[in-house]
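Peer 1: One structure, pasted below without further comment.
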Amino acid sequence: MLNKIRSYLDYQYLHLQGHPKYQQLMDLPTPQRWTVLAGLVLLSQLVVFSLLYLIFGKVVVIGLLASILAGLATGLGALPALFFKDISERLFSSLLGAAAGVMLAATAFALLIPGIEFGNAIWPDQGLWVVSAGMIIGALFLHFADQRLPHLHLDSVNNDTLNSLQKISLFIIAITIHNFPEGMSVGVSFGTGDIGNGLTLATAIGLQNIPEGLAVALPLIGLGYDKWKAVGIATLTGLVEPIGGLLGVTMVTMFSSMLPLAMGFAAGAMLFVISEEIIPETHAKGRSRPATFALMGGFILLMLLEKLLG
């Protein structure tokens, strides 16, 4: 499957290179070329956000923007790779531990508790069961995605056997798989209409994406990739989040009765990632104690943020 994806992308890139407009763009001086590209991106975003505002309202626009910023945090996390080829395992585990703590708190305070409250408002005294059902569906979704799609787990990041482009590509696919439900959780949270709650969750996801970006960029640089190209690839893995964010916020905005189930789904998917990927890596090779305290610090940080924005 990985070879099919790579062949498809290579074919599309070759097709793009043969287009006259692409050749005209590449013939421009570098500053002018980047100015044109930036202008096209900004124009496209203006059109997209304007249409969303006209069709769905400001909540959808804010939710999409927040999920984009959360996804871009992956690129922010990759920036240290421009200056360092490697970081200590202790520091990396601490960063992952803090990310796990932030995600755990966000799951509880921004998804589960509000989801149960909304569920009780729609179905009196049944909110807990609706959210629980959503959690199971979310966990099963990632379980089957893990089984069906070829990838490597996070505990392979600092493994000496992670030395080939194919293995790193599989790891990048894993990050991309997990970023989709994270983006969806941001969108679902904004779909409640509570901007503060949505901002809390978006911030939590952004903080969690920082060590993931570093985890993607460093192995690519180790293979000899250009540093900026490695940062760019890491950033792209986070940009699947706006897709999930847009799906989540539009779905619950249009079908408000799905909100408790959707919040449970997002919570279940996030808990699956925390338990399956992040915590096992932080406890590998005897690095559990710093990561444990970092997890508690991350949890406390999100609680403070929840109080600040709530």
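Peer 1: Hey, among Ser93, Ser169, which residue is among the polar types (S, T, N, Q), outside any loop (DSSP other than H, G, I, E, B) and either at pLDDT 85 or above or within 18 Å of the chain's Cα centre (by Cα) (or both)?
Peer 2: Ser169 is the lone residue from the list that is among the polar types (S, T, N, Q), outside any loop (DSSP other than H, G, I, E, B) and either at pLDDT 85 or above or within 18 Å of the chain's Cα centre (by Cα) (or both).
Peer 1: Okay, next question. Tell me which helices (runs of 4 or more DSSP H) are completely within region 1-81 and hold 2 or more residues being under 21 Å from the mean Cα position of the chain (by Cα), under 30 Å from Thr250 (Cα atoms) and at pLDDT 75 or above, or say none if there are none.
Peer 2: Those helices (runs of 4 or more DSSP H) span 58-78.
Peer 1: OK, next. So which residues in region 73-83 are touching a residue at least 12 places away in the same chain (Cβ under 8 Å) and surrounded by fewer than 18 Cβ atoms within 10 Å (Cβ to Cβ), if there are any at all?
Peer 2: Leu79, Pro80, Leu82
Peer 1: Does Glu276 count as buried (at least 24 other Cβ atoms within 10 Å of the Cβ), closer than 20 Å to Asp146 by Cα and in the same structural domain as Ala110 (by TED's automatic domain parsing)? Walk me through how you get there before you give the answer.
Peer 2: Numbers: buried (at least 24 other Cβ atoms within 10 Å of the Cβ): no; closer than 20 Å to Asp146 by Cα: yes; in the same structural domain as Ala110 (by TED's automatic domain parsing): yes.
No; evaluated as a whole, the condition is false for this residue.
Peer 1: If we keep just the residues of region 219-252 that are modelled with pLDDT of 80 or more and under 14 Å from Lys85 (Cβ atoms), which is nearest to the chain's Cα centre (by Cα)?
Peer 2: Val231
Peer 1: Got a number for residues in region 253-285 being more than 21 Å from Gly298 (Cα to Cα), assigned to a helix (DSSP H, G or I) and modelled with pLDDT under 80?
Peer 2: Qualifying residue count for the region: 5.
Peer 1: Need pairs with beta-carbon distance below 9 Å; first residue over 13 Å from Met263 (Cβ atoms) and within region 116-138, second surrounded by 14 or more Cβ atoms within 10 Å (Cβ to Cβ) and among the hydroxyl-bearing types (Ser, Thr, Tyr); sequence gap 6+ or separate chains.
Peer 2: Pairs that qualify, where the first residue is over 13 Å from Met263 (Cβ atoms) and the partner is surrounded by 14 or more Cβ atoms within 10 Å (Cβ to Cβ) and among the hydroxyl-bearing types (Ser, Thr, Tyr): there are none.
The values are calculated or read from the model by the stated rules, or taken from the named source; none is laboratory data. From a predicted model like this one, the values you see are computed outputs, not experimental measurements. As a convention, Cβ positions derive from the backbone with ideal geometry for all residues, glycine included, and neighbour counts pool all protein chains shown.
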